[in-house]
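The values are calculated or read from the model by the stated rules, or taken from the named source; none is laboratory data. All values reported here derive from a predicted model rather than from experimental measurement. Glycine gets a Cβ as well: all are built from the backbone with ideal geometry, and neighbour counts include every protein chain shown. Surface areas here come from the heavy atoms of the whole protein model, side chains and all, with no ligands, DNA or RNA. Shrake-Rupley method; radii C 1.70, N 1.55, O 1.52, S 1.80 Å.
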Amino acid sequence: MALNPFNPLGSLLAMEHLDRGESGADYFRRQEEEARLAFLQRVCDDAVALIRHGYYHRDFHYGNLLLDDAGEIVWIDTHVKRLPQDARQRRQTIVAMLSPTKLQGERYRAFAEAYLIRQLAL
């Protein structure tokens, strides 16, 4: 739960304690290509839900999430910001959130962009 989401200086993300969890970055690195794409799709599904509520993730990368014992994604660092109202700026902001460096290569960035565009009909 985010406390004081309107605070321009940041907010607090409170979550339950996880005894064990694997970094999304570590999980991604040890997967084969097909599993990497499936994982990225799951991460993008979370982004789609956020975008549909009018927000985007300013620091979108695997290191900002954990996988719990059940394999569920738990976001641990949100960096959430409101999307622009203008449709063109909105699309540009969503595409700009995807970095080849943060997603471990251009092919993963392009996959994420195409997936988000399809899901959101941008």
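Quick one: would you say E72 is among the acidic types (D, E), within 19 Å of R107 (Cα to Cα) and open to solvent by 60 Å² or more (accessible area, probe 1.4 Å)? Spelling it out, it is not the case that E72 is among the acidic types (D, E), within 19 Å of R107 (Cα to Cα) and open to solvent by 60 Å² or more (accessible area, probe 1.4 Å).
When R42 is tested against (1) within 20 Å of E113 (Cα to Cα); (2) open to solvent by less than 80 Å² (accessible area, probe 1.4 Å), only condition (2) is not met. Counted as qualifying within region 43-122 are the strands (runs of 3 or more DSSP E) with 1 or more residues that are touching a residue at least 24 places away in the same chain (Cβ under 8 Å) and of a type in the set (K, R), namely 80-82. Put simply, of E106, E113 the only residue that is open to solvent by less than 70 Å² (accessible area, probe 1.4 Å), at pLDDT 95 or above and acidic (D, E) is E113.
Apart from one condition, Q31 fits all of (1) within 24 Å of A121 (Cα to Cα); (2) among the polar types (S, T, N, Q); (3) open to solvent by less than 60 Å² (accessible area, probe 1.4 Å); the exception is (1).
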